[in-house]
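These notes are about the structure you will find just below.
The values are calculated or read from the model by the stated rules, or taken from the named source; none is laboratory data. Just so we're clear, the structure is a prediction, and the values are computed from it rather than from any experiment. Every residue, glycine among them, receives a Cβ derived from its backbone with ideal geometry; neighbour counts consider all protein chains shown.
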Amino acid sequence: MPHADLLLDDFSHPAGRADMAPDWALLSDGVMGGLSQGALRREMVRGRPALRLTGRVSLANNGGFVQAARDLAPDGGDLDARRFTGLRLTVCGNGETYNLHLRSADVTRPWQSYRASFVAGAAWAEVTLPFAAFAPHRIEAPLDLSRLRRIGLVAIGRAFDADLAVARITLLA
């Protein structure tokens with residue numbers, strides 16, 4: 001019997017799907033002295049309920065990111081994603097390139113992650129990111145899909161105005 005996709009979040013539900021794990025949190029480079037600023041809210045975007053990350057990414061003071069992140073398991077533990085092939089996001093935005101960051105149990109430093117990029121255009125679109133597209137960043141361990149812990153939607157790496165809306169996130173079987 002084929003495996004089914006796993007819905008991680010669907011913002012058309014009043015509380016999203018965050019009942020299966022902690023809710024989304026806004027993070028920025030301010031925790032390390034950077035000057036980027038952002039906001040995170042649930043709202044209607046181009047006719048769809050969504051999680052919207054907005055802000056200004058600044059490279060000043062060694063900064064450079066704003067992020068919406070959440071744990072994948074209620075207790076901050078591991079999610080075994082070995083039966084999945086990647087992620088599908090329903091997104092829209094301002095035409096900029098954004099990252100999806102994954103963290104596993106092997107990630108021990110705040111600057112480490114596994115990263116894939118995507119463009120969020122003005123119209124709602126589905127973006128598929130196979131796990132093979134995720135590159136390790138400042139970590140040598142390969143991505144261990146049996147021990148995923150956290151997901152992040154990130155505006156990073158250059159000075160720009162971020163505006164990213166996400167309506168749905170699914171792990172693909």
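Some points to look at:
- All of A125, A132, A60, A105 fail the test of being within 20 Å of D9 (Cβ to Cβ) and either in contact (Cβ under 8 Å) with a residue 40 or more places away in the chain or surrounded by fewer than 21 Cβ atoms within 10 Å (Cβ to Cβ) (or both), apart from A125.
- Of the residues making up the stretch 57-68, those that are under 17 Å from the mean Cα position of the chain (by Cα) and more than 16 Å from A165 (Cβ to Cβ) are V57, G64, F65.
- G93 falls short of the stated requirement of being within 26 Å of A50 (Cα to Cα), touching a residue at least 24 places away in the same chain (Cβ under 8 Å) and either of a type in the set (D, E) or surrounded by fewer than 15 Cβ atoms within 10 Å (Cβ to Cβ) (or both).
- Applying the criterion of being of a type outside the set (A, V, I, L, M, F, W, C) and more than 17 Å from the chain's Cα centre (by Cα) to the residues of the stretch 38-48, the residue that is surrounded by the most Cβ atoms within 10 Å (Cβ to Cβ) is R48.
- Index of the failed condition, Y98 passing every other in (1) without any contact (Cβ under 8 Å) to a residue 60 or more places away in the chain; (2) within 17 Å of R168 (Cα to Cα); (3) not basic (K, R): (1)
- Lone qualifier among D19, D23, D80 - being at pLDDT 90 or above and closer than 27 Å to V107 by Cα: D80
- Residues of the stretch 135-147 satisfying the condition of being surrounded by 13 or more Cβ atoms within 10 Å (Cβ to Cβ) and part of a strand (DSSP E or B): P136, H137
- Selection status of V127, outside any loop (DSSP other than H, G, I, E, B), in contact with a strand residue (DSSP E or B) (Cβ under 8 Å, 6 or more places away or on another chain) and either β-branched (V, I, T) or modelled with pLDDT under 95 (or both): yes
- Residue match in the stretch 149-158 (condition: outside any strand (DSSP E or B) and touching a Gly at 6+ places or on another chain (Cβ under 8 Å)): yes
- Test: residue in the stretch 140-151 that is of a type in the set (S, T, N, Q), at pLDDT 95 or above and within 13 Å of the chain's Cα centre (by Cα): no
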